[in-house]
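> Handing you this structure, nothing more for now.
The values are calculated or read from the model by the stated rules, or taken from the named source; none is laboratory data. In this text, all values refer to a predicted model and were calculated from it rather than measured experimentally. Cβ atoms come from the backbone with ideal geometry, glycine included; neighbour counts cover every protein chain shown.
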Amino acid sequence: MEFDAAGLDCLTKKMADLLLEEQNTTPQQIETIKRETIWVGELEWSEKLKPDQPKHLQTMHCTVCCKIVDGHPEIKAQNWPSKLPTQIMPKHLLAKIGGGLLKNSRLVIFRPSLGGALDSLTKKMNSGYACCIHISSSNCNDKVIFLFYSPERDLFLGFIPNNQLIVIERIRKVVQEILEKQAVVT
């Protein structure tokens, strides 16, 4: 089953709701959910703040946490680098990669620090964008995380697809299609 951008929004909202239900908590209590912090570091991305200006490098400090399974964190992040390169992309491109892959994913919660970078990212993600985070460590099985923002819950949800090889291959295919279309236009 493939999703369009609206379907990805709906899936993100449902997953956020499930996180709350799973813990029998209200949206006001989301920050008090007991989860294990598995990573502390920075997300880094480039964006144009104004159309006539060059790209600006943004950095945002955050923590990532996940649920505990059998007394241990569900995700092992000890090999993640301290900076995670992040690509902001339209949700419809993620839909082409295969929104259905998100159903077969593990979830993490990103807790960003307050500031201008967070405001900028939230604004961008509220206008039809999501993020693809690249983990470049050779010692890590997880290479791609899709990050969505749920405005209803004011929550940044990371989806780590279980089948990383298929996701990486689909990303390459979508990028190749984009490059081919750009070559035809020029």
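> Among the numbered criteria (1) modelled with pLDDT of 80 or more; (2) within 20 Å of the chain's Cα centre (by Cα), which single criterion is violated by LEU11?
For LEU11, the exception is condition (1).
> Exactly one of these conditions fails for VAL69: (1) surrounded by 11 or more Cβ atoms within 10 Å (Cβ to Cβ); (2) at pLDDT 85 or above; (3) aliphatic (A, V, I, L, M). Give me its number.
(2) is the only condition that VAL69 fails.
> Mind checking which pairs have a first residue in region 83-104 that is more than 18 Å from LYS48 (Cα to Cα) and surrounded by fewer than 17 Cβ atoms within 10 Å (Cβ to Cβ) and a second that is modelled with pLDDT under 80 and of a type in the set (Gly, Ala, Ser), Cβ under 8 Å, 6 or more apart or different chains?
HIS92/ALA5
> Something else: May I ask you to list the residues in region 119-163 that are assigned to a helix (DSSP H, G or I) and either surrounded by fewer than 17 Cβ atoms within 10 Å (Cβ to Cβ) or hydroxyl-bearing (Ser, Thr, Tyr) (or both)? Quick ask: steps written out before the conclusion?
Start the filter on region 119-163 by keeping residues that are assigned to a helix (DSSP H, G or I), which leaves 119-125.
ASP119, SER120, THR122, LYS123, listed by residue number.
> Right, another one. In region 96-117, which residues are in contact with a strand residue (DSSP E or B) (Cβ under 8 Å, 6 or more places away or on another chain) and part of a helix (DSSP H, G or I)?
LEU101, LEU102, ASN104, ALA117 - these are the residues of region 96-117 that are in contact with a strand residue (DSSP E or B) (Cβ under 8 Å, 6 or more places away or on another chain) and part of a helix (DSSP H, G or I).
> Can you tell me which residue in region 93-119 is farthest from HIS56 (Cα to Cα), limited to those that are of a type outside the set (Lys, Arg) and touching an Asp or Glu at 6+ places or on another chain (Cβ under 7 Å)? Full working, then the answer.
Taking region 93-119 first, the residues of a type outside the set (Lys, Arg) are 93-95, 97-102, 104-105, 107-110, 112-119.
If we keep only those that are touching an Asp or Glu at 6+ places or on another chain (Cβ under 7 Å) as well, we get 95, 98-100.
On the way: ALA95: 26, GLY98: 29, GLY99: 29, GLY100: 32 Å.
Selected residue: GLY100.
> Scan region 123-180 for residues that are basic (Lys, Arg) and touching a Pro at 6+ places or on another chain (Cβ under 9 Å) and report the count.
Within region 123-180, the subset basic (Lys, Arg) is 123-124, 143, 153, 170, 172-173.
The next check asks that each one be touching a Pro at 6+ places or on another chain (Cβ under 9 Å); those that pass are 153.
Number of matching residues: 1.
> Follow-up. Just to verify a result, which residue in region 39-95, among those that are acidic (Asp, Glu) and not in a strand (DSSP E or B), is nearest to ILE133 (Cα to Cα)?
Of everything passing the filter in region 39-95, GLU74 is nearest to ILE133 (Cα to Cα).
> Test ILE109 against the criterion of being surrounded by 15 or more Cβ atoms within 10 Å (Cβ to Cβ) and modelled with pLDDT under 90, and give yes or no. Spell out how you get there, then give the answer.
Working: surrounded by 15 or more Cβ atoms within 10 Å (Cβ to Cβ): yes; modelled with pLDDT under 90: no.
So ILE109 does not fit the description; no.
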